[in-house]
Amino acid sequence: MASEVIQVFQPLLAVRIERDSPPAPTPAQVEERERAAYQKGYDAASALINQQLLEQRSDANHMREHLFRALEQAAAQAAAEVRSVLPYLTIQALRRVIARVEVTREMVEGVVNELLTEIGPDVGPVELRLHPDDLKLVHDLESNLAGLHPGLRLVADESLTRGDAQASTRFGKVDARLENKLARIGAALAGH
């Protein structure tokens, strides 16, 4: 408020100051103004809180979508990694199981029959090579199969492992070694 100096030339007998201001509010008016100010503040705070809640929901939705995308990518990558090593793990498991299996006459007969079936009849003389211990199990088999495969001759071969077999015909060699069978299974599992 600005102050103003007023000069008087005679002593004042009475002074009355008048203001240009509105009259003081009544208690009811004060209460109504307080209520209106409170409501205005409440509405502003509610609007601000609602806006913040919307922003937080939007942020949470964005984070959730990002998390799900990352999880999908991680799951797809893990599945691809498992698929890539599954053939190797399967072959390794087969090798361990096979290493513990006792070679029986029935197994060696199965290998011989499978190999001769693959070769087919009427191919002429066949030399079928087996590990010496496997040959001992099926030494009498040669005479039984001679009717189906004339010229069949079973031969011991130290370079073969138990369960392996190789055949030689006039058309070439047929390799029925266990390692080659496992390699074919691994390639089939890998999709090659």
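We did not get these values from a lab; they are worked out from the coordinates using the rules stated. Fair warning: this is a prediction, and the values are worked out from it, not measured in the lab. Counting neighbours? That spans all protein chains shown, and the Cβs are built from the backbone with ideal geometry, glycine included.
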Practice problem: Among ILE49, GLN166, LEU141, pick out the residue whose Cα is farthest towards the positive end of the charge dipole of the chain, where Lys and Arg carry +1 and Asp and Glu carry -1 on C-beta, about the Cα centre. | Solution: ILE49
Quiz prompt | Within a Gaussian network of the chain (alpha carbon springs, distance under 10 Å), most fluctuating of ALA70, ALA167, ALA44 | solution = ALA44
Quiz item: Using modelled backbone amide H atoms (1.01 Å from N, in-plane), which distant-in-sequence or interchain residues come within less than 5 Å of ARG129's amide H?
Solution: VAL155, GLN166, ALA167, SER168
Quiz item: How large is the charge dipole for the chain, taken about the Cα centre, if only the Cβ atoms of Lys, Arg (+1) and Asp, Glu (-1) carry charge, to the nearest 20 debye?
Solution: 140 debye
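Subtracting the Cα-Cα distance from 0.36 nm times the residue separation, let me have the gained length for ALA79 to ASP133 in nm, one decimal.
On the way: separation 54, 0.36 × 54 = 19.44 nm, distance 4.34 nm.
The ALA79-ASP133 span can extend by a further 15.1 nm.
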Self-check item: Of every Cα-Cα pair in the stretch 102-190, the percent that sits beyond 19 Å
Solution: 35 percent
Quiz item: In straight Cα distance, which lysines are under 30 Å from LYS181, not counting same-chain residues fewer than 8 positions off?
Solution: LYS136, LYS173
Practice problem: At q = 0.17, 0.18 Å⁻¹, what is the base-10 log of I(q)/I(0) for the stretch 32-100 according to the Debye formula with one equal point scatterer per Cα and no solvent? Please give it to two decimals. | Solution: -0.79, -0.82
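So for the chain: antiparallel DSSP bridges make up what percent, rounded to the nearest 5?
Details: 8 of 13 bridges.
Roughly 60 percent of the beta bridges in the chain run antiparallel, per DSSP.
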Quiz item: Within the stretch 132-159, what residues put their amide N at less than 16 Å from the label point 7 Å along the Cα-to-Cβ vector of ARG105?
Solution: 133-145
Exercise. Express in whole angstrom the spacing between the alpha-carbon centres of the stretch 29-106 and the stretch 122-160.
Key: 63 Å
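Tell me the relative contact order for the chain as a rounded percent, counting alpha carbon contacts under 8 Å between residues six or more apart.
Numbers: 139 pairs, mean separation 35.4, N = 192.
It comes to 18 percent, rounded to a whole number.
Taking only DSSP H segments of four or more residues, each worth -39500 (n - 2.57), what value at 222 nm results for the chain once the sum is divided by all its residues, to the nearest 500 deg cm²/dmol? Provide the component values of the computation, followed by the final result.
Details: 5 runs with 113 residues, N = 192.
After summing the helix terms and dividing by residue count, I get -20500 deg cm²/dmol.
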Exercise. Just grab the label-to-label distance for MET63 and TYR88, each label 7 Å out from Cα along the Cβ direction, in nm (one decimal).
Key: 3.8 nm
Exercise. Enumerate the calculated ³J(HN,Hα) couplings along the stretch 172-185 in order (Karplus 6.51 cos²θ - 1.76 cosθ + 1.60, θ = phi - 60°), each rounded to whole Hz, writing x wherever the residue is Gly or Pro.
Key: x, 9, 10, 9, 10, 6, 4, 4, 5, 5, 5, 5, 5, 5
Practice problem: Please report, to two decimal places, log10 I(q)/I(0) for the stretch 42-192 at q = 0.10, 0.13, 0.16 Å⁻¹ as given by the Debye formula with identical point scatterers on the Cα atoms and no solvent. | Solution: -0.54, -0.73, -0.92
Exercise. Identify all lysines with a Cα-Cα distance to LYS40 below 22 Å; exclude those on the same chain that are fewer than 8 residues away in sequence.
Key: none
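In whole percent, what relative contact order does the stretch 107-192 give with Cα contacts below 8 Å and a gap of six or more residues? Display every interim value, and only then the final one.
Values: 121 pairs, mean separation 29.4, N = 86.
Rounded, it is 34 percent for the stretch 107-192.
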